[in-house]
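Okay, so here's the structure we're looking at.
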Amino acid sequence: MNEMNVSSGMSAAANVNTYMYPDSILVLADSKSYVVLDLEMCKVRGSNKEYGRKMEIIQIGAVVLDSNFNISNRFDRYVKPQFGRIDSFIRNLTGIKGLDVAHAKSLEEVLQEFIAWMPEGAIMVSWSMTDRDQMFGEMTAKNLCFDVLSEKFENWIDCQIMFGKKMDTERRYSLEEALIATDIFTEGDPHNALVDAHNTAMLFAKINTEENFELNPYYKRAHEKKGDVHLSCSIGELLMGIDLSSLCMDSEK
């Protein structure tokens with residue numbers, strides 16, 4: 001277990017204005033490992049004055065990338081919401097049911113386990129800063145303060161911006177489109193925290209290990225013909241040039 005300084009019952013708001021967003025394209029060369037994080041959340045109905053936020057964490061998924069950008073460990077925990085509830089939209093989106101979180105641990109307990117699991121000195125990574133901001137905001141609202149995480153908030157890598165810079169555009173891609181564009185084979189269903197963390201880690205590793213950043217050839221060709229600098233596409237464009245009739249014949253055998 002890594003040595004940690006964990007304390008609760010104190011507000012984290014004091015440092016909210018000091019947290020800086022690093023230039024995400026510049027990954028620290030001397031980092032021994034990265035923790036790629038994803039959160040799933042449920043909605044909080046109405047205006048809860050005690051909590052004051054619209055969403056609440058119900059699952060934390062993360063993977064460790066070592067210095068060679070290989071996945072070396074995984075973390076997956078449900079979190080019992082204190083103010084929110086899992087409605088039909090969240091259940092259909094994430095596959096998480098009320099029974100899954102009914103007997104789960106609180107955010108404070110899960111974060112303690114998460115901190116103990118993290119390698120010492122690891123840098124945090126996520127797809128956009130949404131999950132970073134949710135974790136920080138929820139900790140603040142619930143008066144939780146973890147010194148180890150406070151340090152992580154100050155040096156957090158936004159893989160979404162990093163990918164956009166790699167593509168030479170300011171466009172904010174969805175994770176799903178970025179994975180298609182870079183021809184990364186994915187397993188599992190999206191909007192599962194561990195699956196999304198794994199897929200983000202695969203993309204982050206590709207960005208940092210491939211000198212010549214190769215795109216999916218069908219995706220690339222569709223947009224070269226259109227001259228579309230935004231690189232968005234339809235399923236039809238992705239399938240362009242593939243003999244679908246042969247696929248249909250094979251399926252009938």
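The values are calculated or read from the model by the stated rules, or taken from the named source; none is laboratory data. Treat the numbers as computed from the prediction; the structure is a model and nothing was measured. Reconstructed Cβ throughout: ideal geometry from the backbone, glycine too, with neighbour counts over all protein chains shown.
Mind checking which residues of the stretch 70-101 are among the acidic types (Asp, Glu) and more than 17 Å from the chain's Cα centre (by Cα)?
Asp87, Asp100, listed by residue number.
Pull up the stretch 92-111, narrow it to residues that are among the polar types (S, T, N, Q) and touching a strand residue (DSSP E or B) at 6+ places or on another chain (Cβ under 9 Å), then point me to the one that is surrounded by the most Cβ atoms within 10 Å (Cβ to Cβ).
The qualifying residue surrounded by the most Cβ atoms within 10 Å (Cβ to Cβ) is Thr94.
Inside the stretch 173-216, can you point out the residues that are hydroxyl-bearing (Ser, Thr, Tyr) and touching a residue at least 12 places away in the same chain (Cβ under 8 Å)? Walk me through it before giving the result.
We begin by selecting, within the stretch 173-216, every residue hydroxyl-bearing (Ser, Thr, Tyr); these are 173-174, 182, 186, 200, 209.
Once the filter is applied, which keeps residues that are hydroxyl-bearing (Ser, Thr, Tyr) and touching a residue at least 12 places away in the same chain (Cβ under 8 Å), the stretch 173-216 yields Tyr173, Thr182, Thr186, Thr200, Thr209.
Could you tell me how many of the residues in the stretch 153-172 are part of a loop (DSSP other than H, G, I, E, B) and touching a residue at least 24 places away in the same chain (Cβ under 8 Å)?
Number satisfying all stated conditions: 6.
Which of (1) in a loop (DSSP other than H, G, I, E, B); (2) modelled with pLDDT of 95 or more is the odd one out, the single condition Met10 does not satisfy?
The single condition Met10 does not satisfy is (2).
Within the set of pairs 6 or more residues apart or between chains, which connect a residue that is under 15 Å from Phe114 (Cβ atoms) and without any contact (Cβ under 8 Å) to a residue 60 or more places away in the chain inside the stretch 135-152 to a residue that is of a type in the set (Val, Ile, Thr) and in a helix (DSSP H, G or I) with Cβ atoms less than 7 Å apart?
Going by the 7 Å Cβ cut-off, the qualifying pairs are Leu149/Ile115.
Scan the stretch 97-134 for residues that are free of Cβ contacts under 8 Å to residues at least 60 places away in the same chain and hydrophobic (A, V, I, L, M, F, W, C) and jot them down.
Leu99, Val101, Ala102, Ala104, Leu107, Val110, Leu111, Phe114, Trp117, listed by residue number.
Quickly run through the stretch 118-145 and pick out the residues that are over 23 Å from Gly84 (Cα atoms) and aromatic (Phe, Trp, Tyr).
Trp127
Pull out all pairs, ordered by first then second residue, where Cβ-Cβ is under 6 Å, the residues are six or more apart or on different chains, the first lies in the stretch 53-78 and is surrounded by fewer than 17 Cβ atoms within 10 Å (Cβ to Cβ), and the second is among the hydroxyl-bearing types (Ser, Thr, Tyr).
Pairs found: Asp66/Ser33; Asp66/Ser72.
What about Phe114, is it within 16 Å of the chain's Cα centre (by Cα), crowded, with 17+ Cβ neighbours inside 10 Å, over 13 Å from Thr200 (Cα atoms) and not polar (S, T, N, Q)?
For Phe114, the condition - within 16 Å of the chain's Cα centre (by Cα), crowded, with 17+ Cβ neighbours inside 10 Å, over 13 Å from Thr200 (Cα atoms) and not polar (S, T, N, Q) - is met.
Within the stretch 168-199, can you find the residues that are surrounded by fewer than 17 Cβ atoms within 10 Å (Cβ to Cβ), of a type in the set (Val, Ile, Thr) and either modelled with pLDDT of 90 or more or more than 21 Å from Ile96 (Cα to Cα) (or both)?
Thr169, Ile184
Keeping to the stretch 74-111, report how many residues are part of a loop (DSSP other than H, G, I, E, B) and not β-branched (Val, Ile, Thr). Steps first, answer last, please.
Pass one, the stretch 74-111, residues part of a loop (DSSP other than H, G, I, E, B): 80-84, 86-87, 95-97, 103-104, 106.
Filter again for not β-branched (Val, Ile, Thr), leaving 80-84, 87, 95, 97, 103-104, 106.
Selection size over the stretch 74-111: 11.
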